[in-house]
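Read the structure below first, then the notes.
FYI, it's all coordinate maths here, none of it is from the lab. Computed from a predicted model, the values in this text were never measured in an experiment. Heads up, the Cβs are rebuilt from the backbone with ideal geometry, glycines too, and the neighbour counts pull from every protein chain shown.
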Amino acid sequence: MTGDLAIRQAVIGGLPRVVEIFDAYRQYFGQKSDPEGVEKFLFDRFEHRDSVMFVAEKDGRMLGFPHLYPLVFFPDAAARMDTERFLRRGELPR
C-alpha cells in the first residue's frame, strides 16, 4: 500500500534531505553540483527568515518543493527608501 502525500515546511534540522533535492534542481538547470554551497545558502535563508520552503514527500521520497521569498513591491525608489527608513526605526508609515 502506498502512503499519503505529505507536505511540510522545511526547517534547518532537516537540511540534509532538502539540500539533496535543491542541488538536483540546480543541476537540472545546468549548474554544477554544490551540496556544501546549497546547504550554506539554505541555512542562511532559513536562519534569517529570508524565505520559506515546503517539501512534498511520499513513501519517504522527496518529490518537490516551492521556495518562497517575501515580496514587497515599491513603485519607485523614493517609496522604497522611505519605507526602509521607517522600518529601521521600527515604525510603519501612516
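Here are the numbers for this structure:
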read-out: Geometric extent, Cα atoms of the stretch 1-73 - Rg, Dmax (angstrom); value: 12.9, 47
read-out: Of TYR25, VAL55, GLY37, farthest towards positive along the dipole that unit charges on Lys, Arg, Asp, Glu beta carbons give the stretch 21-60; value: TYR25
read-out: FRET efficiency, PHE43 to LEU63 (Cβ-Cβ, R0 25 Å, nearest 0.05); value: 0.65
read-out: Residues with amide H under 5 Å from that of MET53, placed H, sequence gap 5 or more; value: ALA10, LEU68
read-out: LEU63 long-range amide H proximity, modeled H, under 5 Å; value: ALA56, GLU57, LYS58
read-out: Gain on full stretching of the segment that runs from GLN9 to GLN27 - 0.36 nm per residue minus C-alpha separation; value: 4.2 nm
read-out: Under Karplus coefficients 6.51, -1.76 and 1.60, residue-wise ³J(HN,Hα) of the stretch 33-40 in Hz, glycine/proline x; value: 4, 8, x, 5, x, 5, 4, 5
